[in-house]
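> Here it is, the structure, as structure tokens.
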Amino acid sequence: MHRIIVTRKELLKFKITKDDQCTLRSNHDCIIHTFTKCAVTTSIYSSALNWFTYTNNVSVNPSSGQILFLLKDAKSNLTTAQERRLNLLLLCAKLYIYACKIALKTPNAAELQRKIETQRTIENVL
Ligand SMILES: [Zn+2]
């Protein structure tokens, strides 16, 4: 993801911004912060994983590495379909979080859930 995803850290390095503070919280921004450490981000993942647990009737607790790189959990009891759904959820969450940061907007778990449900409805119709 380095050199593909730009955070405030890179923007400061190229003198495009005056500081490297996260746009969501006052911490130094970087890829790790954006996708695994930021309090706003972890709150979004927590809500998304609660939703996944509720809708799939399974318990999941992916590590930061699993969230960041969609790594397979060897101890997971998920079916292949559930694992694909979880990876798609995490991928959509990361895309949503990054889009919100670029737009200087605070991510909202309910909005993420609506976007995913809309996308699922569209794909079921096509
Ligand atoms: Zn942050």
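The values are calculated or read from the model by the stated rules, or taken from the named source; none is laboratory data. Bear in mind the structure is a predicted one, so any value in this text is a computation, not a measurement. FYI the Cβ positions are ideal-geometry reconstructions off the backbone, even for glycines, and counts take in every protein chain you see.
> Restricted to segment 84-126, and to residues that are more than 22 Å from Thr42 (Cα to Cα) and β-branched (Val, Ile, Thr), which residue is modelled with the lowest pLDDT? So that I can check it myself, show each step before the final result.
Pass one, segment 84-126, residues more than 22 Å from Thr42 (Cα to Cα): 118-126.
Narrowing the set further to residues that are β-branched (Val, Ile, Thr) leaves 118, 121-122, 125.
Numbers: Thr118: 92, Thr121: 90, Ile122: 89, Val125: 76.
Taking the candidates together, the pick is Val125.
> Another one. May I ask you to list the residues in segment 7-29 that are buried (at least 17 other Cβ atoms within 10 Å of the Cβ) and more than 10 Å from the ligand (Cβ to nearest atom)?
Lys9, Glu10, Asp20
> Which residue pairs have Cβ atoms under 8 Å apart, sit 6 or more places apart or on different chains, and have a first residue in segment 12-28 that is closer than 20 Å to Tyr96 by Cα and small (Gly, Ala, Ser) and a second that is away from the ligand (no atom under 13 Å from the Cβ) and in a helix (DSSP H, G or I)?
Within 8 Å, no pair qualifies.
> Return only the number of the condition from (1) of a type in the set (Lys, Arg); (2) touching a residue at least 12 places away in the same chain (Cβ under 8 Å); (3) within 18 Å of Thr7 (Cα to Cα); (4) surrounded by fewer than 19 Cβ atoms within 10 Å (Cβ to Cβ) that Lys94 does not satisfy.
Here Lys94 clears every test but (4).
> Would you list the helices (runs of 4 or more DSSP H) that sit entirely within segment 1-83 and hold 2 or more residues that are within 20 Å of Thr106 (Cα to Cα) and at pLDDT 90 or above?
Output list reads 39-56.
> Going residue by residue through segment 72-91, is there one that turns out to be surrounded by 11 or more Cβ atoms within 10 Å (Cβ to Cβ), out of contact with any Pro (no Cβ under 7 Å at 6 or more places or on another chain) and acidic (Asp, Glu)?
Yes, there is a match, as at least one residue in segment 72-91 is surrounded by 11 or more Cβ atoms within 10 Å (Cβ to Cβ), out of contact with any Pro (no Cβ under 7 Å at 6 or more places or on another chain) and acidic (Asp, Glu).
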